[in-house]
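For reference, the structure is listed below as structure tokens.
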Amino acid sequence: MATLEPQNEAERHRDGTSSETGRLPGTLIRGGQLVVGTALVDYGRRQRSSRGTAATVGGGALIFSALGGMSRVKRALTDRTDSERATEPERRETAVRRSITVDGTPESLYEQWRDPETFAEIMGHFAEVTPVDEGRFRWTVHGPYGRDIGWETSVVVDEPGEICRWETPTDAVLPNEGAVRFEEAPGDRGTVVTLSVAFEPPGGTLGSAALEQFDIVPKKLVGVALDRFKSLVESGEVPTLDRNPSGRGSGDTV
Amino acid sequence: MRALTWHGKQDVRVEEVPRPEVVNPTDAVIEVTATAICGSDLHLYHGRVPSMREGDVLGHEPMGRVVEVGEDVETLEEGDRVVVPFTISCGACWFCEHDLYSLCDNSNPNAELARETMGHSPAGLFGYSHMLGGYAGGQAEYLRVPYADVGPVKIESDLTDEQVLFLSDIFPTGHMAAENADIDENDTVAVWGCGPVGQFAIQSADLLGADRVVAIDRVPERLEMAREHGDAVTIDYEDEDVYDRLMDLTGGRGPDSCIDAVGTDAHGTGVVATSDRVKQRLLLEDDRPTVLREAIRCCRKGGTLSVPGVYVGRADNFPVGPLMNKGITVKTGQTHVQRYLGPLLDQIESGNIDPSFVVTHDEPLERGPELYETFNDKEDDCIKVVLRP
Ligand SMILES: [Zn+2]
Ligand SMILES: [Zn+2]
């Protein structure tokens with residue numbers, strides 16, 4: 001997917017129709033949106049030849065009900081204007097990239113991230129992650145009414161101390177990929193850890209429906225995963241409200 | 001166990017809730033022996049603070065005995081007597097290492113929620129909304145204390161609970177407010193609000209060498225306390241114009257430093273204050289910045305405004321022009337309590353200050369709900385409530 005490293009790859013993958021050339025923040029944001037849009041449309045095109053109808057993607061009737069909006073969303077993602085955008089319901093961002101600064105060297109942080117136990121704890125708020133074998137993980141997200149959605153990822157780029165990138169096979173029920181990058185921060189501030197996650201919603205709104213159904217908010221997934229990693233590395237534990245007492249009972253969610 | 005829980009506007013109850021346990025390896029659990037109601041708890045009581053949930057355990061000024069420690073706790077053991085700071089800090093992040101404990105990067109499990117509203121998340125706090133951590137508070141029989149090697153201060157002398165309890169918040173908070181006020185020898189310092197934090201700010205301003213401290217409030221017994229214990233000149237804002245009186249006192253220069261020890265629920269008088277109250281009710285405004293407005297107007301050009309009073313969201317009619325044109329420096333923030341525990345405990349132990357002078361009510365936890373009301377209404381000469389679980 002072209003969506004992963006918006007700041008660098010936005011330049012490379014930018015659609016020829018774009019006239020933006022500067023690196024001002026606004027330009028970058030628009031560039032990022034364009035990249036996401038382009039990726040989704042590209043995906044849609046590939047899907048038509050290789051994947052058959054959207055119904056085979058999985059998720060069943062609940063997801064299917066969203067079909068009607070497909071063409072509208074495709075158009076919206078490619079050439080919608082600001083006023084058009086304002087009249088549409090807010091969509092879930094499907095590709096997110098965020099950074100956090102963590103105490104430690106890029107090498108040591110990379111090592112910790114790659115420890116399967118640490119990785120499972122970092123993602124613990126979002127999915128159950130269990131190692132399958134070297135570089136492969138099984139992810140399970142628990143949805144409402146006891147419904148689960150799951151997939152497997154394999155590490156596809158692995159450069160110790162610098163970057164690790166993983167992805168699902170293209171026929172996964174909810175194709176997605178992620179990457180983490182480690183870069184030295186200025187002065188005594190440690191290392192900038194940048195996590196990117198992108199979901200390729202099958203058929204545009206179909207995937208969005210899956211994200212909604214399982215309450216997957218990529219922005220939150222990324223933000224919280226980075227917080228958890230940082231806390232674990234710096235203080236040795238992830239702050240928790242587990243068994244937190246209140247008039248509602250014990251724990252955070254009751 | 002029994003705890004005071006929040007159930008909405010002016011609705012605090014004594015309730016049976018589960019007893020907390022050690023969850024993380026650096027946790028301790030204390031049996032609370034004394035716990036106080038804070039002025040900032042009244043912001044919760046008024047339903048001003050977003051992200052409170054029905055049933056949340058209140059309280060952030062506790063002390064007690066350690067009854068359980070996690071496997072990684074090194075400095076505490078069962079039986080230790082400790083005072084617990086209201087700020088929860090990991091002790092290991094960049095902010096903690098730079099003594100900015102209330103800005104700890106790692107202690108808020110709901111950091112994402114805080115980030116959405118504020119851009120960044122400050123430290124988690126006890127009993128002070130889900131955005132600021134969601135941790136159960138200390139107005140309860142037991143309290144889980146994360147990062148037990150970083151926060152709690154051990155009390156090894158035979159000082160009473162009331163003498164050391166306020167190390168948890170209001171004594172360090174008043175002290176940091178005075179420190180943030182950048183006080184020089186010949187300075188006049190004006191303090192808005194003579195509640196407990198104001199009282200400690202007045203005392204600390206005096207200790208830090210202020211030439212004169214002016215205390216502003218409308219409650220007679222609070223003004224009396226400021227005169228008696230803080231040697232302050234007092235202004236009752238219902239009787240006289242604060243600006244005029246401050247100019248009289250300073251030859252027209254204005255106070256060199258102003259401290260807002262009131263925060264969001266300022267009482268205030270006049271048209272603008274009324275408009276604030278209406279907007280707040282209509283959810284158009286979160287904070288009533290009455291004191292901030294007045295302090296900016298009164299402050300000497302190039303002076304300092306220190307804000308220990310708690311604000312929660314947005315405010316209207318904020319005099320940003322006067323602030324800018326008068327070149328005023330603003331310093332604020334939740335207190336970096338851990339930074340002050342050692343030095344201020346020394347001050348108490350050496351007899352330089354006895355913080356128990358603010359206590360007006362000392363009652364069992366069961367009376368919590370009615371004492372919230374008493375404290376809120378400033379009835380019965382109420383200045384500081386200590387509760388015994
Ligand atoms: Zn307090
Ligand atoms: Zn910290």
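Quick notes on this one:
- Partner lysines whose Cα lies under 17 Å from the Cα of B:K326, excluding those fewer than 8 positions away in the same chain, are identified as B:K301.
- Lys/Arg +1, Asp/Glu -1 at C-beta; segment B:1-93 dipole; positive extreme among B:I37, B:F86, B:V73: B:I37
- Simple Cβ-charge dipole of segment B:1-124, Lys/Arg +1 and Asp/Glu -1, about Cα centre, in debye nearest 20: 680
- Across the protein chains, with a 1.4 Å probe defining accessible surface, the residues B:T35, B:T160 rank B:T160, B:T35 from largest area downward.
- Nearest-10 value in Å² for the accessible area of B:K331, using the 1.4 Å probe: 70
- Loss of accessible area when B meets A, both sides summed, Å² nearest 100, probe 1.4 Å: 2600
- Shape call, segment B:265-389: gyration tensor on alpha carbons, a/c limit 1.5: oblate
- Separation of alpha-carbon centers, segment A:122-180 and segment B:314-388, rounded to whole Å: 49
- Average beta carbon contacts from partner chains per residue of B:127-137, 10 Å cutoff: 2
- Residues whose placed amide H lies under 5 Å from that of B:I235, excluding near-sequence neighbours: B:A215, B:I216, B:D217
- Bridge type composition, chain B - antiparallel percent by DSSP, nearest 5: 55
- Loop-located chymotrypsin sites (Phe, Trp or Tyr not before Pro) in segment B:304-358 (DSSP state not H, G, I, E or B) with no more than 13 neighbouring Cβ atoms inside 10 Å do not occur.
- Proximity of backbone amide H atoms, modeled 1.01 Å from N, is registered between B:Y135 and B:L125, B:G127, B:Y128 at under 5 Å, excluding neighbours fewer than 5 places apart on the same chain.
- Zone residues, segment B:133-168, relative to B:R65, backbone N less than 19 Å from point 7 Å out along Cα-to-Cβ: B:139-145, B:152-165
- Residue by residue along B:49-61, Cβ atoms of other protein chains within 10 Å of the local Cβ number 2 on average.
- Here's how it looks for B:A210: its modeled amide H is under 5 Å from none belonging to a residue 5 or more places away or on a different chain.
- Test item: B:143-149 mean partner chain Cβ contacts at 10 Å: 2
- Over 26 Å (Cα to Cα) - which of A:K219/B:K9; A:K220/B:K279; B:K9/B:K154; B:K9/B:K378; A:K230/B:K154; B:K279/B:K378 fall in this group: A:K219/B:K9; A:K220/B:K279; B:K9/B:K154; A:K230/B:K154
- Solvent-accessible area, 1.4 Å probe, carbon plus sulfur percent, for segment B:188-305: 48
- Where labels lie 7 Å past Cα in the beta-carbon direction, separation of B:V271 and B:D149 in nm: 6.1
- Under the Karplus curve 6.51 cos²θ - 1.76 cosθ + 1.60, θ = phi - 60°, whole-Hz ³J(HN,Hα) for segment A:224-236, x wherever Gly or Pro sits: 6, 4, 5, 4, 5, 4, 4, 4, 4, 5, 7, 10, x
- Segment A:161-248, accessible surface, carbon-and-sulfur percent (1.4 angstrom probe): 43
- Note on exposure: B:L344, B:L100, B:L113 ranked by accessible area (1.4 Å probe, complete protein assembly) read B:L113, B:L100, B:L344, with the most exposed listed first.
- B:H46 - accessible surface, heavy atoms, 1.4 Å probe, Å² rounded to 10: 40
- Cα shape, segment A:148-218, gyration tensor, a/c 1.5 rule: prolate
- Peptides ranked, highest mean first, by Cβ atoms within 10 Å: ranges B:141-149, A:173-181, A:225-233: B:141-149, A:225-233, A:173-181
- Each label point was placed 7 Å from the Cα along the Cα-to-Cβ direction; for A:V156 and B:D184 their separation is 6.4 nm.
- Computed E for B:E74/A:T130 - FRET, C-beta separation, R0 41 angstrom, nearest 0.05: 0.80
The values are calculated or read from the model by the stated rules, or taken from the named source; none is laboratory data. Just so it is clear, the model here is predicted, and its values are computed rather than measured. All Cβ positions, glycine included, derive from the backbone under ideal geometry; neighbour counts span all protein chains shown. All accessible areas refer to the heavy atoms of the entire protein, side chains included, with ligands and DNA or RNA removed. Shrake-Rupley method; radii C 1.70, N 1.55, O 1.52, S 1.80 Å.
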